[in-house]
Every structure is written in C-alpha cells, then in structure tokens.
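Everything below concerns the one structure shown next.
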Amino acid sequence: MQVSAYPYHPVRERGTLICFLAALFMHMLLGALLYYGVRWHSAAPEGVSAELWEPIAEAVPNEPAVEPAAEPTPSAKPVEEETADISLQEQRRKAERAARDEAKAQREKQARVEAERKAAQREAQRNALEAQREAGHAQHQSELARLRAQAGGANPNAGTGTSGKPSSGYAERVRQRVKPNIVFNEDISGNPAAVVAVQMAPDGSVLSTRLTKSSGNADWDNAVLRAVSRSDPLPRDENGVAPSEIRITFWPKDQGG
C-alpha cells in the first residue's frame with residue numbers, strides 16, 4: 001500500500017451556521033403557533049345569564065269571566081263602503097237626469113207659452129183688421145145707399161152698351177187690380193180656382209161680393225173676398241162706366257199679370 005507523502009485535510013462546508021439558525025427560528029415559530037392555537041380552542045366562552053319572571057295575578061273571587069268582544073270582519077267594511085259609493089253614484093245620476101228633464105220641460109213650456117203668445121197676437125191683429133174692414137164695409141154700404149137714392153131707380157146698365165156685358169179685357173183689368181190686395185201665406189195643395197161675382201155701381205163702387213165657385217180651401221176663398229173689398233172702387237170699363245156685375249177667377253199660384 002502506498003502512502004501519500006501529503007497529510008489529508010477535509011473540505012470545510014460554507015454557510016452551516018446560517019442554516020442552523022434559520023432552522024432553529026422556524027422550529028420556535030411553529031411551536032408558538034401550535035401553543036396559541038391549542039389554547040384558543042380550549043378556552044370556554046363567557047356565559048350570559050338572564051332572569052325571567054312573570055307577575056302572578058291575584059285571584060278575584062266571584063268575578064265573572066269577561067268574553068273578548070268579537071272583532072268586525074275585515075272584509076265587511078270595504079263591501080259596505082263600496083255599496084255606499086254605488087248608491088251615492090246612482091243618486092247623483094238620478095239627480096242629474098231629473099235636472100235635465102226639468103230643464104227640458106221648462107224649455108218646452110216656454111216654447112208653448114211663446115207660441116200661444118204669438119198666436120194670440122196674430123188673432124188680435126186679424127180681429128182688428130176684420131173690425132176695420134167691417135167698419136169700412138158699413139161705411140161703403142151707406143155710400144152705396146146714397147148713390148142708389150141719387151140714381152132714382154135708373155138702369156144700372158146705362159152707358160154699358162145694349163148687351164150690358166163688359167169688354168173682353170175688363171175682367172183681367174179688375175183681377176190685376178185685386179191681386180196685390182190678396183193676403184195669403186199658407187201652403188196649399190195644387191192650384192184650385194176661386195170664382196167671385198162682384199156687383200158694382202156705374203162708378204165702379206163695389207155693391208156686393210159672393211163666391212160662385214169655391215176653391216175647396218176656405219182660407220183662400222176668404223182671402224180673395226177680402227181682397228176684392230179692399231180694391232173698392234174698381235176700375236171702370238172702356239166706355240167710362242162699370243158693368244153691373246162681373247165674375248173674376250183667382251188662383252193661389254197665379255204667376256201671370
């Protein structure tokens with residue numbers, strides 16, 4: 001065996017002290033954590049105490065038990081209120097309808113009163129016109145009587161020709177004289193004719209009028225007779241003398257002349 005001439009020296013490790021200190025610190029830290037952890041879990045929580053008590057009611061001898069009052073049904077009040085609202089609305093609608101009916105009846109009453117007033121006014125005007133016409137007619141009759149007395153029974157056809165008939169255009173002249181005095185504003189069906197016979201004095205004064213043919217409408221017939229009376233005196237014929245009698249036809253829708 002060969003022995004080396006040089007002695008053996010082992011290699012010295014570096015950082016051994018630092019590693020040892022680090023391992024020691026970690027073991028101490030781990031031990032502290034285990035100690036405090038076990039102590040925290042083993043500690044008992046502090047208790048909370050409370051005293052519960054209830055007063056004992058004294059017994060009242062021979063006192064009857066009082067039954068609690070029955071509470072109203074919660075749903076009854078809303079139903080009653082709803083019913084009251086419906087009844088109030090119905091009463092309001094009835095009152096409004098009654099007010100409308102009353103106003104309508106009042107308007108109709110006023111319209112009737114106004115129509116009656118106008119009808120009475122027209123009737124009064126018609127009566128006044130009739131009275132005036134009657135007065136004029138009476139005066140006219142008096143004047144005719146005077147003319148007859150002056151005539152002394154002379155022939156009323158004197159001067160009118162041997163036949164005593166009016167000329168061909170005389171009736172139309174008289175009709176045109178009478179037409180503006182006809183007052184008639186009513187609607188009439190068709191165009192019925194009314195024929196009037198007029199008796200005259202020689203000067204054209206109207207002695208009498210009569211309806212020889214009715215139109216079938218009394219208002220139109222009377223309107224024509226009144227118009228003839230208003231037209232007095234009538235025009236004379238071509239010879240200067242009026243015929244004793246003439247017949248004239250009038251139509252309500254006459255456009256001629």
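For the reader, a short list of remarks on this structure follows.
Here is a yes/no grid of residues against (1) touching a helix residue (DSSP H, G or I) at 6+ places or on another chain (Cβ under 9 Å); (2) in the same structural domain as residue 225 (by TED's automatic domain parsing); (3) over 30 Å from residue 227 (Cα atoms); (4) at pLDDT 90 or above:
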site: 37; (1), (2), (3), (4): no, no, yes, no
site: 84; (1), (2), (3), (4): no, no, yes, no
site: 95; (1), (2), (3), (4): no, no, yes, yes
site: 103; (1), (2), (3), (4): no, no, yes, yes
site: 115; (1), (2), (3), (4): no, no, no, yes
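- Filtered by the rule that a residue be in contact with a Leu (Cβ under 9 Å, 6 or more places away or on another chain) and basic (Lys, Arg), region 209-257 gives 210, 226.
- A single entry from 177, 210, 236 fulfils the requirement of being free of Cβ contacts under 8 Å to residues at least 60 places away in the same chain, charged (D, E, K, R) and over 30 Å from residue 122 (Cβ atoms): 236.
- Within region 201-227, the set of residues being part of a strand (DSSP E or B), within 21 Å of residue 135 (Cβ to Cβ) and among the hydrophobic types (A, V, I, L, M, F, W, C) comprises 206, 207.
- Count of residues meeting criterion [modelled with pLDDT of 50 or more and crowded, with 17+ Cβ neighbours inside 10 Å] in region 153-172: 2
- Among all residues of region 206-226, there is at least one that is under 48 Å from the mean Cα position of the chain (by Cα), hydroxyl-bearing (Ser, Thr, Tyr) and surrounded by 20 or more Cβ atoms within 10 Å (Cβ to Cβ).
The values are calculated or read from the model by the stated rules, or taken from the named source; none is laboratory data. As the structure is a prediction and not an experimental result, all values here were calculated from the model. For neighbour counting, all protein chains shown are included, and Cβ atoms are generated from backbone atoms with ideal geometry for every residue, glycine included.
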